[in-house]
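Below is one structure, written out as structure tokens, with a few remarks after it.
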Amino acid sequence: MTPISVPGTSSPRGFTLIELLVVLLIMGLLVGLVGAIVRPDDRGLVRVEAERLAQLLDLAAAECRLTGSSIAWTADGSGYRFWRMTEDAGWSEVRDQDLLRARMLPQGMAISGLQVDNMPAGDRRLVFVPYAPPLPFSVELSLGAARAAVTASPIGELRILPGEGKTDAVPAPQ
């Protein structure tokens with residue numbers, strides 16, 4: 001038997017207050033989740049920049065061995081750049097190669113330490129020479145309390161290590 005409706009009355013249409021609150025709660029959770037995914041925390045940002053730096057340093061070392069000319073990496077307070085040794089002019093900044101171009105660090109990030117062969121590098125320069133074994137080095141990046149270090153062994157193997165929040169290396173100039 002089918003229900004019969006009384007003429008002049010209609011079934012209620014629309015949403016109840018409970019249904020609206022549930023939808024708003026779900027939307028709030030989704031917005032919060034998207035916000036957390038889109039903007040990573042400081043550790044994530046430092047880790048991404050450390051991975052980028054490790055790949056660029058590995059590329060510079062490989063190019064040095066292939067071309068037979070020395071390549072240097074220098075850092076300042078807000079970024080870093082690569083240099084190539086030329087026969088006539090000494091060190092000149094690499095400008096003809098997009099991958100080894102000068103780069104700026106993300107806002108608030110700094111290179112907080114550089115050690116070459118377990119000694120603080122006072123001149124903030126890391127040099128790759130083509131016909132000598134690589135020196136072990138460590139470059140520490142920091143953003144707030146988050147730290148990560150790009151380290152190289154004497155055989156040129158690069159690794160990224162989480163920082164402990166302190167460094168024995170020379171602080172980066174501000």
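None of the figures in this text is laboratory data; all of them are computed from the coordinates on show. Quick caveat, the model's predicted, so the values are computed rather than measured. All Cβ positions, even for glycine, are placed from backbone atoms using ideal geometry, and neighbour counts span all protein chains on display.
Some observations on this one:
- Ellipsoid semi-axes in whole angstrom, largest first, where each is sqrt(5λ) of the Cα gyration tensor of the range 42-162: 23, 16, 13
- Each Lys and Arg Cβ is given +1 and each Asp and Glu Cβ -1; about its Cα centre, the range 79-137 then shows a dipole of about 240 debye.
- In this structure the amide hydrogen of residue 112, modeled in the peptide plane, comes within under 5 Å of the amide hydrogens of 140, 141, 142, none closer than 5 places in sequence on its chain.
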